[in-house]
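First the structure, in the form of C-alpha cells, and then the observations on it.
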Amino acid sequence: MQKNSLIKAMEPFGLALADYFLGKEVGDLFMNRDDGSKDKHPVEYYFRNPSDFSLFEKEALKLCKGKTLDIGAGVGPHSLELQKRGLKVHSIDISTHACDIMKERGLKNVECMSYYDFCDLHKENFDTILLLGRSIGFVENLNGLKKFLMHCKSQLNQNGNIIFDSSDLRVTTKPIHLAYQKKNQEEGSYLGEIRLQMEYKGLKGNYFKILHVDPDSLAKIVLESKMKYEIVMKEETGGGYLVRIFV
C-alpha cells in the first residue's frame, strides 16, 4: 500500500495494536488534527493493566453492574477486568484488529461493529453502558450525543447507568487550541467538535470526527432527554470529568 494513500479511518490504530500484540516492531502512532496539530500516543498504553488504570477508570468500573455493554472497547482492558469480576460483558469496537485481540485475550462476547449496528442486530437491554477513553467522542457532535442518549435510554434496564468520560475544552489556555475553538464557532459548530486523522508507520487514515463535550452542554442535553446525571469525578486541571447518566 502506498504510504501517501488514505485508508480506513481507524486502520492505522488497528495496525499499531496488532504489531504490539504480536511482538513486532512498533512505530509511532500519531493523531493529527485538521489544523496541523499532531500528538504522539504510546501504543502500550492501550494494553495497560488494571493497576495502571486512572482514578477515573477505577471509579467507573466500580459503578458498573449487571449486564454491561463496553462501547469502543479497544483491546479490552476494561472488559477483561469486568469479566474477571463476574459481570456479563459485551465488548464492541469498529477495529477488526482490536476485536481479534480481545478474543485472543479471552473475552467471551466480542463483536466488530458500530453501536447502532449492534443494537439493530441484538435488540438487547443492559444494566450498564460504558464508554471510557473518551469513546463517547464517536457521536461526533451535540445532536449525535442527544441521539445516542435517547437510544441508550430505551436500552437501559431499570436502575441502569450510562457511564463515560469526556473533557471540557474551555479550560485550555493554549493559543493553538483557542484558535481551533474560535474557528469552529465562527463556522457555526460547537467548540468541542474535532477532526482527526490516525497515522502509523507512514500510513494515514481518512479524517473522522469526535466530540469533547463540556459539562454545561451535556447537562442541557441530558435534561432535554428527560434523564438525570451526576458528575462523579473531575480533574483538578485539564478539564476531564467522569459522568453517570440514568433515568
Answer residue from region 8-64, given it is loosely packed, with under 15 Cβ neighbours inside 10 Å and among the basic types (Lys, Arg) and is farthest from LEU203 (Cα to Cα) among those: LYS62
Going through (1) touching a residue at least 60 places away in the same chain (Cβ under 8 Å); (2) part of a loop (DSSP other than H, G, I, E, B) one by one, HIS97 fails only at (2)
Filter region 141-157 down to residues that are among the small types (Gly, Ala, Ser) and more than 14 Å from GLU224 (Cα to Cα), then give me how many there are. 1
Any residue in region 221-230 that is surrounded by 15 or more Cβ atoms within 10 Å (Cβ to Cβ) and either in contact with an Asp or Glu (Cβ under 8 Å, 6 or more places away or on another chain) or within 20 Å of THR172 (Cβ to Cβ) (or both)? no
Return yes or no: is LEU169 modelled with pLDDT of 95 or more, more than 27 Å from ALA16 (Cβ to Cβ) and crowded, with 18+ Cβ neighbours inside 10 Å? no
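The values are calculated or read from the model by the stated rules, or taken from the named source; none is laboratory data. Just so we're clear, the structure is a prediction, and the values are computed from it rather than from any experiment. Because the Cβ atoms are built from the backbone with ideal geometry, glycine has one as well, and the counts that use them run over all protein chains shown.
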